[in-house]
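Throughout, read-outs are computed from the coordinates displayed, never taken from laboratory work. It should be emphasised that the depicted structure is a prediction, and the values quoted were computed from it without experimental measurement. Using ideal geometry, Cβ is built from the backbone for each residue, glycine included, and neighbour counts are taken over all protein chains shown.
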Amino acid sequence: MKMKKWIAAGATALISAALLNVMPASAGNWTKPSEQTLRALGERHRLYIGTAVDMAALNDANDPQYRALVGSEFSTVTAENVMKWESLEPTRGTYNWGPADQLIDFARQNRQLVRGHVLVWQNQLPSWLTSGVANGTIGTEELRGLLRNHITNVVTHFKGKIWQWDVVNEAVSDPWDSPPAIHLKGFWAQQLGAGYIADAFRWARAADSKALLFYNDYNIEAFGARDSSDKTQFVYDMVKQLRDNRVPIDGVGSQGHLGTQYGNYDAFAVADALNQFSSLGLATAFTEVDARSQMTAGVQAGDSNEINPRVQASAFNYSVLLQACLSNRHCLSFTVWGFTDKHSWVPTWFTNPPEGLATLYDENYQPKKAYQTVKADLVYAGAPHVLPRIPQSPRR
Ligand code: G3I
């Protein structure tokens, strides 16, 4: 009996040590936490750490560090562009699966899970589709059929290879839009009415019974006034309604595009939003995290007085989102939208005033404060407030 207890205690200690990624020094294979990868440290929480992948950079033989870091630091990947409708079906009826299939292969080789991005979005639609609607050659019923076929074809093609699908992306307005009361916005709501969202989830589920199906949006990191100007509240009400109507939605993705020039969130407010989403029976995830700064003349000239506060504020923003995610046991993955300033959507998107410095590594692949802070959060978080993830089962 005594012996059994000893064996059980020993086994528990070993499992705990493995889970903590901190083997005793005498074991001989102890690695300093600061020298471990983000993906290894995330495993301890059963949290997947991800990045969006730019396929041109991944395939650039002159830029081997990009490919190496995607493989070593991350346990999940998202296609930054190549799974969008304009990339997959540039000509009506002709699918170009090549680049997306390449990413799936890369993920398999590197034991990574794939977030599918994106099935229904008003941006990066093929021009044959938008011009057909604009000139009246594609009517409402045909458009609905095209959307249904697109979802069915894409989900079927990748069936069994996608962990989480962003089924509907950015369907909800912002307070600065007109009218200011939050509403469903964009091409699909205008053409098909509000019902397209439930339809999209049902069509996706019909094509793959196992992928987790997400609604994905930005500016939903925390609740605001909880009135008609509050986007997070609108999304909460919308997904609650979908759940009440037995629509097969499994999760809410909070993108996490932050800027250091704005008021920062605190981790408790962000955790509260995640907890409210997960209290509806949904998984959560951060899906597109970055924290950009304005590139003032001083920053561009290399003035450390201007650079340092931005670099630190960026790290703080990453930390707020990650701490909240760690605290919510249904937060399955923490994905950054590009990991190096060398390949980031920010400088090309925000030009007036210019913005940048948004990612974990600088342009020379040197880890920044944000990287070390994310790492430290993964190392130093634990019980009782941070417990391992609770897996989500796909909803019928
Ligand atoms: O593919 C063309 C290329 O042929 C051409 O030479 C080049 C010249 O500008 O443009 C290329 O297309 C660009 C494409 O990225 C691929 O690089 C588009 O101009 C550019 O607009 C497009 O930007 C993407 C943006 O979505 C479009 O909406 C960004 O890379 C991508 O990071 C960004 O990602 C979105 C998420 O999907 C949803 N959430 C917000 C996030 C950031 O905007």
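Things to note:
- Cα-derived Rg to Rh of the chain, Kirkwood definition: 0.98
- Protection proxy ranking for 108-116, 56-64, using the average of other Cβ atoms within 10 Å per residue and placing the highest first: 108-116, 56-64.
- Compared with the dominant Cα axis of the chain, that is its longest principal axis, helix 2-20 is turned about 50°.
- Global geometry of the range 195-348, whether rounded, prolate or oblate, following the gyration tensor of its Cα atoms and the 1.5 cut on a/c: prolate
- Degrees, to the nearest 10: 140-157 long Cα axis against longest axis of the chain: 30 degrees
- Annotation: peptides 336-342, 279-285, 152-158, ranked by per-residue average of other Cβ atoms within 10 Å with the highest first, follow the order 336-342, 279-285, 152-158.
- Cβ-Cβ distance of residue 86 and residue 183, R₀ of 30 Å, FRET efficiency by 1/(1 + (r/R0)^6): the value works out to about 0.75.
- Overall, the chain carries a charge dipole of about 1980 debye about its Cα centre when +1 sits on the Cβ of Lys and Arg and -1 on the Cβ of Asp and Glu, all other atoms neutral.
- Given +1 at the Cβ of Lys and Arg, -1 at the Cβ of Asp and Glu and no other charges, the dipole of the range 295-382 around its Cα centre is 320 debye to the nearest 20.
- Derived scalar couplings between HN and Hα for the range 324-334 equal 4, 5, 4, 6, 9, 5, 9, 7, 8, 8, 10 Hz in order, rounded to whole Hz, by the Karplus curve 6.51 cos²θ - 1.76 cosθ + 1.60 (θ = phi - 60°), x for Gly and Pro.
- Other residues with beta-carbon under 12 Å from the beta-carbon of residue 83 carry, at +1 per Lys or Arg and -1 per Asp or Glu, a net charge of -2.
- Think of the chain as having a plus end and a minus end, set by charges on the Cβ of Lys, Arg, Asp and Glu; of 287, 62, 82, 287 sits farthest toward the positive end of this dipole.
- Here residue 393 and residue 157 are evaluated by their C-beta separation; at R0 = 35 Å the FRET efficiency comes out at 0.90.
- Taking every C-alpha pair closer than 8 Å and separated by at least 6 residues, the mean separation divided by the residue count of the range 301-370 gives a relative contact order of 33 percent.
- Amide H contacts of residue 292 (H built 1.01 Å from N, under 5 Å, at least 5 apart or other chain): 258, 259, 260
- Neighbourhood charge, 9 Å Cβ-Cβ cut-off, centred on residue 388 and excluding it, Lys, Arg +1 and Asp, Glu -1: +4
- Cross-link pairs 161/368; 159/231; 32/369; 240/368; 84/159; 231/375 - those with Cα-Cα distance over 28 Å: 161/368; 159/231; 240/368; 231/375
- Full-extension gain in nm, residue 303 to residue 102, via 0.36 nm per residue minus C-alpha separation: 68.2 nm
- Cα-centred dipole magnitude for the range 25-179, charges only on beta-carbon of K, R (+1) and D, E (-1), debye, nearest 20: 680 debye
- Whole-angstrom gap from the range 41-106 to the range 134-176, using each part's C-alpha centre: 20 Å
- Computed [θ] at 222 nm, helices only, for the chain once each DSSP H run of length n ≥ 4 contributes -39500 (n - 2.57): -13000 deg cm²/dmol
- Between the Cα long axis of helix 267-278 and the first principal axis of the chain there is an angle of about 60°, rounded to the nearest 10.
- Local electrostatic count at residue 153 - Lys and Arg +1, Asp and Glu -1, tallied over other residues with Cβ under 13 Å: +1
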